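No lab work stands behind these numbers, since they all come straight from the coordinates. Please read all numbers here as calculations on a predicted model, not as lab measurements. Heads up, the Cβs are rebuilt from the backbone with ideal geometry, glycines too, and the neighbour counts pull from every protein chain shown.
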Amino acid sequence: MDLNLRNAVITNVQGNSQQELQATIVDAIQSGEEKMLPGLGVLFEVIWQHSNDSDKQEMLTTLENALKM
């Protein structure tokens, strides 16, 4: 069986409200389970692909600042 993770994740959340999407993200983060990371990666990929350059720069700045030690 050929499993396409991207399609599975997108199909699973397609049509969800903002509240449902937030609950999915928060649950994935709070669970701390490694198996949730690919799904979060797919969601980030969707965000990235649908963001303009300004939004991408803001995300990069936030990420850079969050990773400073």
**Complete:** Restricted to region 1-39 and to residues being surrounded by 10 or more Cβ atoms within 10 Å (Cβ to Cβ) and small (Gly, Ala, Ser), the residue nearest to residue 50 (Cα to Cα) is 39
**Asked** Taking region 30-46 only, how many residues are free of Cβ contacts under 8 Å to residues at least 12 places away in the same chain and either in a helix (DSSP H, G or I) or under 11 Å from the mean Cα position of the chain (by Cα) (or both)?
**Response** 8
